[in-house]
1. To the nearest 10 Å², what's residue 230's accessible area with a 1.4 Å probe?
2. If you build a Gaussian network model of the chain, linking Cα atoms that sit under 10 Å apart, which residue out of 206, 188, 196 swings the most?
3. Taking the chain as a Gaussian network, Cα atoms linked when under 10 Å apart, which of 250, 138, 185 shows the biggest mean-square fluctuation?
4. Take residue 56 and residue 3, extend 7 Å from each Cα along the Cα→Cβ direction, and tell me the distance between the two endpoints in nm.
5. Ignoring solvent entirely, what values of log10 I(q)/I(0) come out of the Debye formula for region 96-255 at 0.12, 0.16, 0.18, 0.21 Å⁻¹ when each Cα is a single scatterer?
6. Long-range amide H contacts for residue 206: which residues qualify at under 5 Å (H placed 1.01 Å from N, peptide plane, sequence gap of 5 or more or a different chain)?
7. Given a 1.4 Å probe and heavy atoms of the protein chains only, how would you sort 96, 101, largest accessible area at the top?
8. Give the accessible area for residue 312 in Å² (nearest 10); use a 1.4 Å probe, count only protein heavy atoms, and leave out ligands, DNA and RNA.
Amino acid sequence: MRRIYLDNNATTPVLPDVFEAMRPYFAERFGNASSIHQHGQETRAAVENARESVAALLGASASEIVFTSGGTEGDNLATAGLTAPGVHVITSSIEHHAVLHACKHLENLACDVTFLRVDGRGLVNPDDVRRAVRRNTKLISIMMANNETGVVQPVEEIGKIAAEAGVLFHTDAVQAAGKVAIDVKRIGCRALTISGHKMHAPQGVGALYLRKGTKLEPLFHGGRHERSRRAGTENVPGIVALGKAAEVAKAGSDRGDDRKLAALRDKLERGILAQVEDAGVNGEGARRVPNTTNIHFDHIEAESLVIALDLKGLAVSTGSACSSGAIEPSHVLVAMGLPPDRARASIRFSLGKQTTEEEIDLALSLVPECVARLREISPRYTRAVSM
Ligand code: PLP
């Protein structure tokens, strides 16, 4: 059976060029990047090369890039490392759990955390951020793009508010990197998190941008790796892959590949809405990353639709990978004001660089058919149409 993968916000396949770039660093070039001998010099050079590439993607300097194990570590390093017990932190109610739970942990450390609400499109209001700032506010952490809806937050405006108030600003750009252009200077953030496996590098590697001169309390204590910001022997193959993925992402964005991706996503979205009634886009009306659409199919359970589509060869998801399988409706969709039933009837389709038009056409033939079949056996649908 032909399998179509439209769950790239959960993870992406490693691109062939990225895999080729990292391959020699498993066996042939295996040195510890901290060793003085040739083996170490070779891998040190590869790590510093990758640092340059990641910095170029973000508009940063190489010395401002700290390699990590991924998005969760970057988010935790920023939230814990830029705060101290007793301070006030501002975040939003639609963050990924890597920020949300890290902020809940700060509450255990006597920090006060404000979780800002969002509007029906999933947007944080910058005026709410301004109003939430207190004398002891130390950090604002608002994501750049949401993993479930793809909605892009007004991070530049929030960056200005943070700068005016003298507050540090971190943004989780895990779902933005490689999809939209990122310029840390324009955003005005002090810290920004990215993750390799959301941008066609492997799982288990990521980076934190940390503006020069920003004091950070490390999470790990050990050697002086990453200029004492992140102890632990570097994951050289992963870092090399992240560097290559950053180069591929930058070249793609310079070529305007994001417009092609948006056209494919829009074709999928419009095609579904034209064929399926009682369906709609969550986050409509807001700017979204080009690869994501989150659609509610009223009167059905999203989990059943995911399984039905998977049996037909189409991989999609009910939201963040971490919460799929849980019966709780998505905290993001609920925060946007969706009734719980509609949140439980929502599916995320996320495209990748490898997605083809033929795959979108196939998806368009499968989704309406599966939705119709599930509605036929759904008592909720039967009740709704007989009313
Ligand atoms: N932040 C966002 C917005 C994400 O979507 C994810 C993963 O889904 C993470 C953070 C965590 O990243 P990682 O899986 O690399 O730990």
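The values are calculated or read from the model by the stated rules, or taken from the named source; none is laboratory data. Computed from a prediction, not measured in an experiment: that's the story for all the values here. Quick reminder, even Gly has a Cβ in these numbers, built from the backbone with ideal geometry, and neighbours come from all protein chains shown. The accessibility values were calculated without ligands, DNA or RNA, using every heavy atom of the protein model including side chains. Shrake-Rupley method; radii C 1.70, N 1.55, O 1.52, S 1.80 Å.
1. 40
2. Checking each option, the largest mean-square fluctuation is seen for 188.
3. 185
4. If labels sit at residue 56 and residue 3, their model points lie 3.4 nm apart.
5. These q points yield log10 I(q)/I(0) values of -0.58, -1.04, -1.29, -1.58.
6. The answer is 68, 69, 70, 196.
7. Sorted by accessible area, descending: 101, 96.
8. 80
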